[in-house]
1. Expressed in whole Å with the largest first, what are the equivalent ellipsoid semi-axes of region A:176-239 derived from the C-alpha gyration tensor as the square root of 5 times each eigenvalue?
2. What's the average, rounded to a whole number, of partner chain beta-carbon atoms within 10 Å of each residue's beta-carbon in B:91-99?
3. Quick one: length gained pulling residue B:233 to residue B:42 fully straight, 0.36 nm per residue minus the C-alpha distance?
4. Can you give me the angle between helix B:94-128 and the longest principal axis of chain B, using Cα atoms only, in degrees from 0 to 90, rounded to the nearest 10?
5. Per-residue mean of other chain beta-carbon atoms within 10 angstrom of the beta-carbon, peptide A:76-87?
6. Report, please, the projected area of region B:197-240 averaged over directions, based on the convex hull of its C-alpha atoms, in nm².
7. Between the helical axis of B:50-74 and the dominant principal axis of chain B, each derived from Cα atoms, what acute angle in degrees is found, rounded to the nearest 10?
8. Tell me what the protein assembly as shown gives for mean residue ellipticity at 222 nm when only DSSP H runs of n ≥ 4 count, each as -39,500 (n - 2.57), the sum divided by the residue total, rounded to 500 deg cm²/dmol.
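Bear in mind that the values in this text are calculations on the coordinates, not laboratory data. In this text, all values refer to a predicted model and were calculated from it rather than measured experimentally. As a convention, Cβ positions derive from the backbone with ideal geometry for all residues, glycine included, and neighbour counts pool all protein chains shown.
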Amino acid sequence: MVLMLSVERLVKRRGSREILTDVTFRAAPGRVTGLLGPNGAGKSSTLRILLGLDRADAGTALVDGQPYRRLRQPLRTVGSMLEGSGAHRSRTARNHLTWMARSNGIPIRRVAEVLDQVGLGAAGGTRVGRFSLGMCQRLGLAAALLGEPRALVLDEPVNGLDPEGIRWIRVLLRGHADAGGTVLLSSHLMREVDEIADDLVVIAHGRVVAAGPIREVTAGYPTLEDAFFALTGPTAGGR
Amino acid sequence: MIRSCARATAAELAKLSGLPAALAAVFGTIGTAVAITGALAASPVGANEPVAVVLQAVPYLQAGTITLGVLAVGTEYADGQLHTTLRCVPDRLVVPAAKALAYLAWAAGTAVAALAVGLLTARIALATRDVPVVTDGLPWNVVGAAAYLALIGLLGFALAALLRAVVSALVVTLSLVLVVSPVLDAVTPHARYLPDRAGGLLYLPDQAQVLTPATGLLVLLGWVVVLASGALAAFRRRDA
Amino acid sequence: MTFFDTVAAEIRKTATLPATAVALAVTVLGPVAITLINAVGVRAALRSGRPELTAYTSPAEAVFSAVPIGTVGAVVLGVVAVGGEYTANSARIGGGRQITTTLTAIPNRLAVLAAKAVTVVLLVAVAALVVIPASLALAGGIVGTDAPPAPGGVLSRSVGAGIYWLLTALIALAVTVFTRNGIVPIIVLVVNSTLVSVSVLLSHLTPLARFLPDLAGMSMFAGDLLAFDDALAPVTGGLVMATWTAALLALASAVFLRRDA
């Protein structure tokens with residue numbers, strides 16, 4: 001039941017620009033790991049490589065020692081959510097989750113279960129194009145939970161959620177980690193990360209500038225926000 | 001491998017059924033078959049035999065299966081659906097294979113339904129004109145027409161994979177098949193190697209007797225394979 | 001804000017869309033390429049002394065039979081000018097549509113639609129002014145001295161082809177206002193831009209079909225290429241197509257004015 005996400009010396013170039021440089025960190029089971037950094041720091045790129053969408057120019061990103069692309073039924077191992085719902089706007093939410101379930105041999109009853117779980121039980125027959133930003137976000141979460149995975153990888157999960165939704169996701173992720181699961185989430189919202197995460201990976205300009213339990217990373221600073229700006233600001237040189 | 005392919009194909013079938021535009025393409029094709037065969041059977045230029053009438057309608061029906069093929073692939077590139085697909089099925093070979101199988105199943109069903117409904121309409125329309133209708137078995141060229149309709153849509157499928165957009169793939173495929181091909185046919189015999197002309201031998205005889213139905217089929221498949229392998233190579237190399 | 005500013009904004013918005021560049025390329029390069037192949041085919045047939053191998057032998061016909069591919073470009077131009085407004089941004093960034101921005105910047109909706117029409121007309125007109133003379137010169141140069149004496153009316157047919165493209169683009173624009181989605185107008189108008197369209201089929205059922213916009217308009221340039229009898233006279237045909245276009249644009253304006261963005 002232990003599942004480790006490990007990123008090792010990741011390098012990614014876009015054209016001549018290096019957008020990730022030697023990015024290394026782990027997300028451990030039983031803990032919520034927050035990937036924190038300003039816009040454009042390389043958080044999404046890292047997660048996209050971990051999920052097998054983009055290729056790294058060097059280094060490895062492994063799920064339990066395997067690259068994502070090698071997983072047979074990946075949704076049963078890693079539930080993930082990138083920005084937005086990832087559903088074509090003319091589909092219904094239910095159809096979107098149904099084809100996802102079929103692709104991984106997940107029982108179709110899970111579709112109704114996750115729709116209820118994220119609070120979209122009544123909106124299953126609605127076309128995704130009619131969803132608000134918050135509803136798209138909830139659908140993305142439903143897709144992540146579909147295969148009852150041991151690990152959750154979430155890119156900016158609280159974007160567009162209302163306060164009630166934010167509290168709900170906080171409880172959900174805490175419960176997942178307490179049950180032994182692994183949670184890796186990215187955010188640029190410090191307050192949210194501060195309240196959810198156990199471990200912190202701070203990333204700026206494509207480099208990891210600090211990593212470790214949240215208390216260690218923020219030690220010496222009055223708040224996480226002060227730590228964040230000191231670590232990621234123009235004068236930051238790592239610690 | 002086989003199990004994951006089967007699961008991916010089941011997912012692709014469910015994907016098509018949840019796309020309103022794909023359903024519109026299917027029913028649009030069947031509706032067009034009724035309208036066109038009815039018009040042909042009622043008009044003096046149409047043939048006097050149901051099978052011949054239906055075969056005259058095939059050039060119009062191909063717009064339907066081409067649309068289906070383009071939609072099956074092109075909609076992946078809208079709203080980030082491709083990211084979801086690749087997170088569900090990370091294998092870059094299984095995804096296109098499953099998608100092609102699902103498309104072929106849908107297109108074959110659409111083609112058979114459209115041709116069957118067309119035959120029925122032509123028969124009724126001819127009967128109202130008091131044209132004596134000869135009843136015989138299902139001729140091979142109606143089967144050939146169904147195969148042609150499904151395969152010409154694969155051309156749209158491959159071009160959509162290459163162009164990664166619905167509208168441009170539709171424009172290119174429809175212009176090639178409906179505009180460029182007839183225009184070139186008027187001036188050069190080499191037009192017979194265009195995908196729709198070569199594939200058309202599956203249901204029409206070649207007056208010049210250069211290609212046979214079998215070689216015509218190979219030429220059409222050759223076009224599809226060349227375009228699709230270009231698209232596949234790019235798909236495997238590129239970041240999603 | 002003057003109408004001129006609105007037009008300038010529309011030209012900038014439309015001309016910078018990648019789809020517009022593709023459509024312009026199709027309108028310009030398509031007919032030239034097809035003319036080239038046509039003319040080479042005609043020359044080969046004439047030189048081998050078997051003119052019956054091709055459907056026609058005059059360089060002008062080599063150009064006019066290539067007009068339908070330019071029509072496809074015109075259709076796409078008309079469709080993207082409006083369709084681009086309604087394409088949602090990817091749902092990942094909230095699914096916003098440009099129409100909201102356009103109408104908050106320029107609340108006068110009639111001006112927006114008129115500016116779009118002017119933009120489309122300008123783009124198509126420029127393309128036609130380049131393509132048709134270039135294609136005629138190309139075909140004449142290739143077929144050269146083997147050509148039979150030129151038939152009369154090449155100039156009026158050239159103008160007719162250009163007007164046909166313009167009106168087709170405007171019809172595409174109007175239809176896209178109704179559908180708010182480019183796929184349906186593209187399929188219908190591209191299928192019907194061929195010389196063997198559904199309208200031609202209808203013309204065998206009822207003589208009224210010659211008053212359909214495409215068949216009426218084709219009489220401006222198609223000459224003997226049009227595969228049906230009793231077509232309208234070129235000028236009449238042009239007027240009929242222009243009337244259709246005006247009616248569709250008026251209807252589109254009414255819809256656009258009344259509808260929520």
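1. Details: eigenvalues 92, 31, 22 Å².
Equivalent ellipsoid semi-axes, largest first: 21, 12, 10 Å.
2. On the way: counts 6, 2, 0, 1, 1, 0, 0, 1, 0.
For peptide B:91-99, the averaged partner shielding equals 1.
3. Between residue B:233 and residue B:42, full extension yields 63.9 nm more.
4. Approximately 20 degrees, to the nearest 10.
5. What the average comes to for A:76-87 is 4.
6. Values: hull surface 14.1 nm².
It is 3.5 nm².
7. With both axes taken from Cα atoms, the answer is about 10 degrees.
8. About -19500 deg cm²/dmol.
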